[in-house]
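The values are calculated or read from the model by the stated rules, or taken from the named source; none is laboratory data. What you are looking at is a predicted structure, and each value in this text was computed from that prediction instead of being measured. Cβ placement follows ideal geometry from the backbone for every residue including glycine, while neighbour counts extend to all protein chains displayed.
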Amino acid sequence: METAEAVRLHHPQLQIEQNPTLGEVRYGDWEGMSLSTLQKRKMWEVVQEYPSRAVFPNGETMRGVQVRAVDEIERLVIKHPRHMIAIVSHADLIKMVLAHYLGMHLDNFQRIVVSPASISVISLSHSRPFVGVMNDTAHITQMEQERKAQKAAEELAKQSENPQSGDNELTSSQQPAEEAAR
């Protein structure tokens, strides 16, 4: 929800609806375990190399996750014809959805890169889907530049409020060595 709220700051007209169907993979017994622990399991290689065969103990299959997410997106497209829908989710789920609409086998989905807070765009209409953008992070660079500019402006404002503060005064850490030694 944190990312969805950040998106809404820039697009206040958007309504946020939590949709568990587009939520994270349900990893079952693996949830809460560290990656270093999981990487030691035989199942880790299956998840990485043949995810279409992966079944998480007391959790989902990777194929099931992909079907769940794609079916929900298709449902939303029918519910909101000719509308733009922003979906915020986790990297693995986004990569599985992109793989589907690119016509890639699920076993290759790990080849797709989805960075945190990146944007991918899929156009769905009455005919074939189009993946227009994948893993776009340009907005993050822009936000960082805006933050730096804001910080610089705040520093300048502080300096203009106290134009002489710090110019002629030495703090104890700045005093010459011979004075500090006395």
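All of (1) loosely packed, with under 14 Cβ neighbours inside 10 Å; (2) at pLDDT below 95 hold for VAL47 with one exception: (1).
If you go through region 25-40 one residue at a time, do you hit one that is assigned to a loop (DSSP other than H, G, I, E, B), surrounded by 14 or more Cβ atoms within 10 Å (Cβ to Cβ) and touching a residue at least 40 places away in the same chain (Cβ under 8 Å)? Taking every residue of region 25-40 in turn, at least one turns out to be assigned to a loop (DSSP other than H, G, I, E, B), surrounded by 14 or more Cβ atoms within 10 Å (Cβ to Cβ) and touching a residue at least 40 places away in the same chain (Cβ under 8 Å). Figure legend. Inter-residue proximity from region 98-118: first residues under 18 Å from GLY64 (Cβ atoms), second residues among the aromatic types (Phe, Trp, Tyr) and surrounded by 15 or more Cβ atoms within 10 Å (Cβ to Cβ), beta-carbon distance below 7 Å, spacing 6+ or different chains. Indicated pairs: ALA99/PHE109.
Is region 52-72 home to any residue that is assigned to a loop (DSSP other than H, G, I, E, B) and out of contact with any Gly (no Cβ under 9 Å at 6 or more places or on another chain)? So far as region 52-72 goes, yes, one or more of its residues are assigned to a loop (DSSP other than H, G, I, E, B) and out of contact with any Gly (no Cβ under 9 Å at 6 or more places or on another chain).
Taking the criterion of being among the aliphatic types (A, V, I, L, M) and touching a strand residue (DSSP E or B) at 6+ places or on another chain (Cβ under 8 Å), the residues of region 44-61 that qualify are ALA54, VAL55.
Output yes when any residue across region 132-147 is farther than 18 Å from VAL77 by Cα, outside any helix (DSSP H, G or I) and touching a residue at least 24 places away in the same chain (Cβ under 8 Å), and no when none is. Yes: region 132-147 contains one or more residues that are farther than 18 Å from VAL77 by Cα, outside any helix (DSSP H, G or I) and touching a residue at least 24 places away in the same chain (Cβ under 8 Å). The set of residues from region 70-97 being closer than 19 Å to VAL133 by Cα, more than 17 Å from the chain's Cα centre (by Cα) and touching a residue at least 12 places away in the same chain (Cβ under 8 Å) comprises VAL70, ILE73, GLU74, VAL77.
Annotation note: of LEU9, LEU14, the sole residue that is farther than 21 Å from LYS95 by Cβ and part of a loop (DSSP other than H, G, I, E, B) is LEU14. Residues in region 1-18 that are touching a residue at least 60 places away in the same chain (Cβ under 8 Å) and surrounded by 11 or more Cβ atoms within 10 Å (Cβ to Cβ) were compared, and the one that is farthest from ASP107 (Cα to Cα) is LEU14.
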